[in-house]
Amino acid sequence: MRKLFCHILILVTTLAYAQKPEKLSSSEIYSEIEKLNFLGSVLYIAAHPDDENTRLISYFSNELNARTAYLSLTRGDGGQNLIGPQLRELLGVIRTQELLAARKIDGGEQFFTRANDFGYSKTPEETLSIWNEEEVLKDVVRAVRKFKPDVIINRFDANSAGETHGHHTSSAILSSRAFDLAGEKDKFPQLAEELGTWQPKKLFFNTSPWFYESQEAFDAADKSGFVTFDTGVYFPLMGMSNTEIASLSRSQHQSQGFGSTGTRGSAAEYIQLLKGDHPMNNNDVFHGINTEWSRIKGGKEIGKLLQKVQENFDFKDPAASVPQLVNAYQLILKLEDQHWKKVKSQQIKDIIAASLGLYLEAITGSPLATPGEVIKLDLEAINRSDINAELVAVKIFPVEKNLPVDLSLANNTPCLNSVEYKIPKKVDFTSPYWLNEPGSLGMYKVENSENIGLPETPRELKAEFRIRINGVEIPFQRELKYKYNDPVTGETYLPFEIVPALSVTTEADVLVFADNAPKTIPVTIKAMKDGISGTLFPGKLNGWKITPEKHLFDSLQKGEEKTFYFEVFPPEAQDTYIFHPVAQVAGEKYDKTVMQMAYSHIPLQTLVLPNETRLVKLDIQKRGNLIGYIQGAGDAVPQGLLQMGYEVENIDLENISAGALEKFDAVVIGIRAYNTLDILKYKQPALFEYVNRGGNLVIQYNTSRGLVTDELAPYNLKLSRDRVTDEHSKITFLAPDHPVLHYPNKITAKDFEGWVQERGLYFPDEWAKEFTPILAMNDKGETPKKGSLLIAPYGKGNYIYTGLSFFREFPAGVPGAFRLFANILSLGKETPSAATNNSK
């Protein structure tokens, strides 16, 4: 995992709004009352973040007022990141939060399974063999039994094997199976005992022209079995059309580059019935399903009462509805149906609080604390209405600290109090629960089954304000938060995090030794509470020499950092070793790093993760020294080049010219640069002239769609969607005598061992005769793909295009990837006899 440790005081000020408490307007309260009066639910199912149809989710939530959720089987860990360097698990955390931000806009809820997005998969068979098929199915059944949807909608077609991502098809296959099994008590019986069974009424497929050969084919299709929606409806209470809301929601997927411009006017969406009963040519998805309060025992009286609340709602005085809402709340608590009792009691409590202008918060004095620490809490309660309300008590959980208050909350008169609270010693860290234990390639390991499916780790520390309204006590829970005043943005909220007493951090995930010279590894420890003393050890040794044997530290205060240095001597032979420093404090071991990720569109993320550095001793030679790098969508290749012993200079594209590039031994262009940098289409002549004068130009992978220029190379070169997803795929050397396989390192099949996630992606499938294809590889059952590494001489230099996934292999410390890249950069620098005589 890429380490991005940052100081708590250095924060992005635009995070100010990420954690602000919601304060609903009258129109928003009215919309919530409409949803309170609707007892129907829809579950949308797909494979990844950004797969969901935000137009439909918003439509169901805001037009039909249905309880709507999106079940994403994965967290999108295997994708690319357009906003930063994080990949794999850290990218999954970002994309999880982007989904939560999207749901906050479109009104849906968010769930996941434990499936790990291991990267692109060509077939559902491959996907389900890498995932634990039965366990992921169990997670989907869990989601269905827990959410209890009347309607399930698949984003993808279960019969699309080989036509789209294997994850996509698998999501539809598992959804269809879960539809049949969720109602059977003998399937996953422990889940049935815990959650009960549930049989959804209808299963649909969200079809569109995209799933047909052409728009014409879709237009000609029989749509009598379709349910058709105009999702372009306008919401006067919101001042936006549904499609505008959907675009705002879609635009939260910033790491994937899915910014969307809002549209207005009609927008048709189609869902096709797969299972269940639905009348032909009927556009009411809930036809035949009772979505009123009368669907549950004891609900009819509640429905009548809330219908009057809706009809008589006073937009100028929402509090006028509170007495009737409190009466309805009491009736909801008497319901036998535990599912709707839980859902609707929370909904109505939120509406009561908003109608009163009830503001409740519990603010900590620091953004971070440790188990067993005593913290100060500032409590505030204010009723901004004429309704009689009393603050009866405040309880702090998980270990109850009961603060009897019994104070009348007069209109607009704040109740303020400060208390001390000791955090339990056994409280869990507030880190993503699915990263707590090592998982497998296809699955995350989750010890606490109650967390499975949740988008993020539940916050244990809460304040419960018990408010008496018209003689009825209602508990309102609020998570503890940290708040401070930023001189620029003003009131700023941050999550309150529980972390270990000591953070142990090494800067790099991978440290490469390109020769036998020792390297110094800095290890930074940071105290998360006062008075930390102990010893830092380098961990077990295995053929590597590390000095000194230990470092002592004494009386570190909260927030204080200290950096210690270990000198590492590599072995003679190529080898890898995991450097895992451990600190001992008062008999306790600390070996995890506390890191943070700050982006303006999601809350600040604090993670407690394993701290390991992979030490890689390479049997490697290189030629040349200075490399020019053009950053694309963000990758770790420049850091890898530095560790190989190269000097790396970021190139200023504005001032690029062939003459300015002549100082570089090679120029490397980062991943997806030709998808993201418009200026490159104007700089191609200068880059080609650099090659013509004797330079090596290395272009890494780009997607075939959205290129800023069709002239990627000085010769004909066409990208495709060809890829090889099996990282163990056999490699064939098509040009075994080519210098790139011999100088200065002898490349063999062994150099392709240990690759991660994939061999490569978006290989060219058409190229001019000037190019020499170097490698061939293929996934099972497919023809060999020969475009992963193409080299063409141009003038005095070499143009190289590669779709090999160096951007994944470098952070994973794959030795052969470094050796092959060194050869690519060294092209043209070999002696005449080097290709045959060099045996390195």
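The values are calculated or read from the model by the stated rules, or taken from the named source; none is laboratory data. Note that the coordinates shown come from a computational prediction; the quantities given were computed from them, not determined experimentally. Neighbour counts are summed over all protein chains in view; Cβ atoms, including those assigned to glycine, are modelled from backbone coordinates with ideal geometry.
Per-structure values
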| read-out | value |
| --- | --- |
| Within region 710-724, tally of residues that are assigned to a loop (DSSP other than H, G, I, E, B) and surrounded by fewer than 20 Cβ atoms within 10 Å (Cβ to Cβ) | 4 |
| Residue in region 683-693 that is in a loop (DSSP other than H, G, I, E, B) and in the same structural domain as PRO773 (by TED's automatic domain parsing) present | yes |
| Residue in region 93-107 that is over 13 Å from the mean Cα position of the chain (by Cα) and outside any helix (DSSP H, G or I) present | yes |
| Residue in region 648-667 that is in a strand (DSSP E or B) and more than 16 Å from SER826 (Cα to Cα) present | yes |
| Qualifying residue in region 429-441 (condition: farther than 22 Å from LEU90 by Cβ and not assigned by TED's automatic domain parsing to the domain that holds PRO610) | no |
| Boolean, ILE525 is modelled with pLDDT under 95 and not small (Gly, Ala, Ser) | no |
| Top-ranked residue of region 389-415 - restricted to ones that are part of a strand (DSSP E or B) and within 38 Å of the chain's Cα centre (by Cα), ranked as nearest to LEU325 (Cα to Cα) | VAL394 |
| Yes/no for ASN81 being over 30 Å from GLY239 (Cα atoms) and either without any contact (Cβ under 8 Å) to a residue 60 or more places away in the chain or surrounded by fewer than 24 Cβ atoms within 10 Å (Cβ to Cβ) (or both) | yes |
| Pairs where the first residue, in region 498-514, is over 14 Å from VAL594 (Cα atoms) and the second is basic (Lys, Arg) and buried (at least 22 other Cβ atoms within 10 Å of the Cβ), C-beta under 9 Å, 6+ apart | VAL512/LYS617; PHE513/LYS617; ALA514/LYS617; ALA514/LYS622 |
| The lone exception for PHE664 - which of (1) surrounded by 14 or more Cβ atoms within 10 Å (Cβ to Cβ); (2) free of Cβ contacts under 8 Å to residues at least 40 places away in the same chain; (3) more than 21 Å from ASN798 (Cβ to Cβ); (4) not basic (Lys, Arg) it fails | (3) |
| Tally of residues being of a type outside the set (A, V, I, L, M, F, W, C) and outside any loop (DSSP other than H, G, I, E, B) across region 726-775 | 11 |
| Any helices (runs of 4 or more DSSP H) falling wholly within region 174-272 and containing at least 1 residues that are under 24 Å from SER31 (Cβ atoms) and polar (S, T, N, Q) | 242-250 |
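Yes/no per residue for (1) free of Cβ contacts under 8 Å to residues at least 60 places away in the same chain; (2) among the polar types (S, T, N, Q):
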| residue | (1), (2) |
| --- | --- |
| LYS750 | no, no |
| GLU753 | no, no |
| GLN757 | no, yes |
| GLU766 | yes, no |
| ASP779 | no, no |
| GLU809 | yes, no |
| GLY813 | no, no |
| GLY816 | no, no |
| GLY828 | no, no |
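For (1) buried (at least 21 other Cβ atoms within 10 Å of the Cβ); (2) of a type in the set (Ser, Thr, Tyr); (3) touching a Ser or Thr at 6+ places or on another chain (Cβ under 7 Å), each residue gets a yes or a no:
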position	(1), (2), (3)
ALA501	yes, no, yes
VAL504	yes, no, yes
GLU507	no, no, no
VAL512	yes, no, no
THR524	no, yes, yes
ALA527	yes, no, no
SER533	no, yes, yes
PRO538	yes, no, no
GLY543	no, no, no
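Results for (1) acidic (Asp, Glu); (2) within 13 Å of THR802 (Cα to Cα); (3) at pLDDT 95 or above, shown as yes or no for each residue.
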{"site": "ASN692", "(1), (2), (3)": "no, no, yes"}
{"site": "GLN700", "(1), (2), (3)": "no, yes, yes"}
{"site": "TYR715", "(1), (2), (3)": "no, no, yes"}
{"site": "ARG721", "(1), (2), (3)": "no, no, no"}
{"site": "LEU734", "(1), (2), (3)": "no, no, yes"}
